[in-house]
Every structure is written in structure tokens, then in C-alpha cells.
1. Once you order the gyration tensor axes a ≥ b ≥ c over the Cα atoms, which shape class does the stretch B:218-345 get: rounded for a/c under 1.5, otherwise prolate or oblate by comparing a/b with b/c?
2. Can you give me the angle between helix A:91-101 and the longest principal axis of chain A, using Cα atoms only, in degrees from 0 to 90, rounded to the nearest 10?
3. Among the trypsin sites (Lys or Arg not before Pro) in the stretch B:102-145, which ones are in a DSSP loop with at most 16 other Cβ atoms within 10 Å of the Cβ? Mind listing them?
4. Which of the listed residues, A:Thr72, A:Ala92, A:Thr33, is farthest toward the dipole's positive end in the stretch A:1-98, when Lys, Arg count +1 and Asp, Glu count -1 at the beta-carbon?
5. For peptide A:107-116, compute the average count of partner chain beta-carbon atoms within 10 Å of each residue's beta-carbon.
6. Among A:Gln82, A:Ala337, A:Ile194, whose Cα projects farthest towards the positive end of the dipole of chain A, with charges put on the beta-carbon of Lys, Arg (+1) and Asp, Glu (-1)?
7. Please give the Cα centre distance for the stretch B:10-34 versus the stretch B:130-192, rounded to the nearest Å.
8. How would the protein assembly as shown be classified by its alpha-carbon gyration tensor: rounded, prolate or oblate, with rounded meaning a/c under 1.5 and the a/b versus b/c comparison settling the rest?
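Each value in this text was obtained by applying a stated rule to the coordinates, not by laboratory testing. Remember, predicted model here, so these are calculated numbers, not experimental data. Here the Cβ positions follow ideal geometry from the backbone for every residue, glycine too, while neighbour counts run over all protein chains shown.
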Protein chains: 2
Amino acid sequence: MPNPGQIGPREREILTAIVETYISTGEPVGSRTLSRQNKDGLSPATIRNVMADLADGGFLEQPHTSAGRVPTSQAYRYYVDQISGRATISPADQTLISDTLQGTVDVQEFLERTSHVLSLVSSGVGVAIGNAGPKNALEHVYFSRQANNRVLAVVVTKSGVVHDRMMRLERDLDQSDLNTAANYINENFRGWIISNVKAELRRRIEQERSEYDRLMKSLEELYKGGALAADEPAKNIFVEGVANLVGNDQDRERLRDLVKTLEEKERVADLLSAYLDTRQEAVRVVIGLEEAVPEMRNFVLIGAPARVGEEMRGSLAVIGPTRMDYQHTITAVSYIAQLFDKLLNENT
Amino acid sequence: MPNPGQIGPREREILTAIVETYISTGEPVGSRTLSRQNKDGLSPATIRNVMADLADGGFLEQPHTSAGRVPTSQAYRYYVDQISGRATISPADQTLISDTLQGTVDVQEFLERTSHVLSLVSSGVGVAIGNAGPKNALEHVYFSRQANNRVLAVVVTKSGVVHDRMMRLERDLDQSDLNTAANYINENFRGWIISNVKAELRRRIEQERSEYDRLMKSLEELYKGGALAADEPAKNIFVEGVANLVGNDQDRERLRDLVKTLEEKERVADLLSAYLDTRQEAVRVVIGLEEAVPEMRNFVLIGAPARVGEEMRGSLAVIGPTRMDYQHTITAVSYIAQLFDKLLNENT
DNA sequence: TTTTAGCACTCTCCTTGCCCAAGTGCTATC
DNA sequence: GATAGCACTTGGGCAAGGAGAGTGCTAAAA
């Protein structure tokens, strides 16, 4: 059984119309409705024939006999590929986004605002994640004694991210010990990748273990306390706009599971990193999220890497219902990704 | 019309029974149900009489004629006051909370975990807020040049909180300028309250304006860039467990507004600071939240200040439905407040 | 050969009518 | 003062029936 005309212009037009109508109304769309709204005066019967073909091709399905047709993931996929060329951002969105992000030079702040503005311009949740990234090189460390056995470690990386961590040590170090240790690290390891610093530091500590070296003892203590944990996965994950989902046609339980999942930020982070490839530059639209996360049936991920020059500094995305304004959202994500490069590029 | 026996032992018992039944079932409770479950074999008719009195007193209301009675805010208030004495935490909660918070020495981390564990043990959202507090004194500043005109400012306070901020300056300062400026601030102002540092710095800059002082020029630039913004309201607000609310009997729109409100963290912060008095030590239960925030009709705030010794370092709270397990939640909040003092007290 | 019109059929949703369970207030009685 | 009885109210559940929308198929028109 060949599929004649499955991607002919008429089929495409009708499929597009079905997807768009379904997106805006949320109800299965029937041949008659479509015939009325379509400019070319095709009769319902004709449309029915085409629809039957599209259903055979896996683009449409029926909730039950004698309801209208509903687009499948495959149809959304096709639709998105179709429109992805002619995407221009609306002036209103552009203004809102620019105004929100203008003048931001801090990555954290940029990401936070991004998640917020994405939740405003889309009908999904806005997500933004910062990457530790390869440039996670040591710039400066500082230790401050707070109280008995308590030390605050501050680690600044080359890329301008600050990690701070209060530690409880087994032995009490006084501030001059701490200063000596900090100086040692700053002088020896400035510019090193942090995980390398840790490894090398460990090596040196082991090596000197036998000797009574006050400095090495301090370093060991600090090392064990986790002073250099700055190479661990970034915790800067911003998720906003969960309220957008509450209007959805999910039932209570589904909705609760969904919200719960979104509150587990690590899962959201995993999702993004699973789908957003460093090398790929463009906006990516992932349809059929339920394969990775069952509770996200009927949800879509529209995301892009946030890069500065060639380097990937994070990811930004919208997670929203399959029934969403794709053009709108895709252009917004794309525009913000460009702004990211523009505003944070260090050579400007 | 006097209210005879309005707070007599029988009335109290019946009111308590009504509140508890309503909390667990969620349905208006009628005289017959109550009569069956009540140990003392009071007949429905008797209970009806008492209920009528309680309704007159403003403790009960009916959704419609011939439905059961539903407790009013006043009834919850009375109920909470009643049980507030005999509160002992359940071993399960105690274990969960201890395990989650044990070993935490970092205020931020404590607060984050607190909001999480509160959302687990209650049927509401867990909220935890850190206070800049009076002890917001300068410990150490550090400036790092990142790129053209871009400087990272790191401010560490005595209480161990780290504020970092990427700034874009009008003039480019090189790293040695920055070091000089940082040294100046560290040597002159260590231990000062940060807002005082700002004021004094401003004074000195103004005073020296006429002269060509390289240091002062740098300081002015940094000052204008907001290097010492660490005295601004804390942004460490943790809200978790919104999913808990989704199971609620709110309608869609109400629910959405509610979630939206909870996502505006400043509003949540305002709410807490409005109701949690520094001087008051105990857990506070605020019933009738809708007066402050209309979308929070049928919600309750159960909170306590988080203090270390005499000093208030933050607030922690549960915001949940009026229909919640008060005893459970109150004891949990109280227990965490105690743990806060115990774990973060610097003299231990 | 492609498009259209017509027709019988299917399914959901809404309305209507009905009954039942639960609850109330009031009055009379223990 | 507490209880029992009774008439009345109200919302929920259920079945029946009609309206509306949509489908597939066949035959006629372009």
C-alpha cells in the first residue's frame, strides 16, 4: 500500500491547519470545521479523504469513533519542521525580553531572568541552567574562620562564578593557617582546572604525609572538608512559571506528579543535558518527552544551548504542553540564546 | 442573648471533634456522623443543639441548608489554641528531619533543606528565608577583573554569607587597581556594618573628589557599580512543595493564582516577615490569610523565627490548607527551629 | 480521475426527571 | 436538659432521550 500524495501540498496544508486549529482550540478537529475555516473551498468530504490518508500515515488519530482528529507526535514534529524556517520574533516579545535582560552581565542573573521571561512569553515553564563548563578554572580562593572548627571557603572561578561553602573541620585552624593555605593554593594553582587542583593537591598531601608540615596538615583538613567542591555539578538551575501548567487539561494526579518532577531540579537538569547537544547551535524541539519522563506525556521541550562564543555556558528551554504556540516560543528561545552571547561576550 | 456554655467542656469536645473530622474527611460533618463516632453516646439531636449554639457563636457554618457544618476560621483558631499545649513530635518526623539536617553548618544549605523537609512532612509548601540581619558586617571583599570593564565583586560577611556580583564599570580598572581598592576596604572597614561602609566610603569619595587620587577614582567606580550591594534584602528564599497543593480542592483558576503567588518569592517573604515577629519565640499559626493575600483563602501559615541564640537569622514556615494536620505541622516547625539554633550556634 | 453530495451510523454531551441519603429545625416526650 | 420523631430541604447519582458533530461509504457530478 503506497502512500500517494502523503506529503503533497494539499496534505501539508490540511495537516498544518489541523495542528494549528487543535493548538488553539484544544478540541479534536473535524472535517466540517476545517472546511469552513479553510480559504480554499474544499468540501468536508474531500478533507475527510485526505484526513483518512493522514491517519494511515500516522499523523492523526481519533480519541474515539466520530470525534474529530487529533495530531500525533509525528504531526507536531512535521509541523515544527515545516515552520522552523519562517520564524520571526514578535516585536512585543522582543521588547519584553530585551528590557528584562538588557544590562545583565552576571551569568547567574541572566539565567534567573531568562527563566522568568521565558515563563512569561510562553505557556510553559521557563528553565535556565548554568554549566560549570570546561572553563571552570581557579581564579582565587579565600578561607575565613567563622567559629570553632568552622571555616567558610570561597572559590572564584575564571568564568566569574563564585562558590561558597561553610565547612566544619575536624581540627580547628586559626585564620593565619587559613591565609597561608589560601596563599599556597592561589600561588600554585591559579588558572588550573579545579578538579586538577584537587587531584594535585591530594597527591602533594599524600607525599608529605610522613613529615610534620603545618601547611600540608591545614591543606589536608581543608581538602577533606570539601573546600574545593566547586567542580561539582552546578546548582544554578532556575525553573519558573509552573503556574502556567496549572491551567492545563491534565487531571489532578497527573498534574501533581508533573509539578513534583519539575521541583526536582536535578531531573530537569538531566533532561536538558540529555537533549541539548553542545555542538548543535540551533533551537531544538523535542517532541515525545514521555519516553524519557513518563509524567511528561503531552509535553514538549524547546531549548537551546546558551553559549558565549564557542563555549557552552548553560542551557535554556521552555517545557510546555504539546499544544503550544511553537513559532512564538521557538523564536523567543532563539532570541534569548543570541542575547546571551551578545550580552555576556567578554570582548564587548 | 447570652451564650450559655459556649466554651463548656461539652461544646469544646464537640467542636474539636468537628474540626478533626472535617480535617480528615474534607466533608461537612453532620450530627449523625458525629454521634456515631463519638465515644460518649450523645444522640444526634443533642449534638444538633450544641452545633446550633456553636453556629451562633460563629464557630461553624453551613455550605447550604441540610449539609453538615464546616468549621470557620474562628473554629480553627480555637482548635489550634486548644492543642498547642500538648504537642509532641512523632518519632518518624523527628528521624526524617534530623537525618536531613544533621551536620549542616551552612545557613543557606540549612534553609534549603528545611524548605524541602517541611514540604515532605506537611501537606503544604515549605518556606525558609534567610535574613541579612544586624550582624551583616563586613569580613572581606575581593575584586576580580573578568574582561573589558567587567569586574566580579565578592563580599563575605561576618555571618558567613557570601554575596557575589558581576558588574560592568564605566571605566576599565586593571587588577592591581582592584587589589589596591580591595585592600583599602579590607583594612579600613573590616567588621563594619556594610551599609555604614557604603556611607563612609561615599563620604570619603566626595571629600577627595577634587584631588587626583587614583585609589579614590577606583573606589568611586566600584561604588557606582554596586560592589557593596550586599546590604540589600537577602535573596535566599526557598519555597518547596508546591506539588502538595495541587491535590487540593481548589478549582483550576484559584490554584493557578495561588501557585503564581508562591512563585513570586518576594511576596512570600513579605508575608512571613509580616507575621513572624522577631521577639516572639514560639511557633505562630496564622489563620485567615486571605485578609493579606486574597488568593490564599483557606490557607494557613505556620511559622517560626529561625534564631541562633538571641539573633534572628531567618524564618521558616509551612503554608498549607486550613485542612491540615496542625499538630503534626506545628511540632515539625518547632523542632526545626530548635535544630536551627542547635546546629548553627557558633559556640558549639 | 478527482471532487462533491447524501445517507446511515456512532459516539459524546447535555438535559430532564427521578429517587435516595444525609442533614436540619422544630416539637413533643422522657 | 436530653432524646425521639417528623416534615422538609438539598445535592448526588442514575437512566433515558435528544441534539450535535463527526465518520465511512457509495453514487453522482465535474
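1. Cα axes put the stretch B:218-345 in the oblate bin.
2. 10
3. Listed in order of number, the matching sites are B:Lys135.
4. Looking along the dipole axis, the top candidate is A:Thr33.
5. Going residue by residue through A:107-116 and averaging, the value is 1.
6. Toward the positive end, the furthest listed residue is A:Gln82.
7. Rounded to whole Å, the Cα centres lie 59 Å apart.
8. oblate
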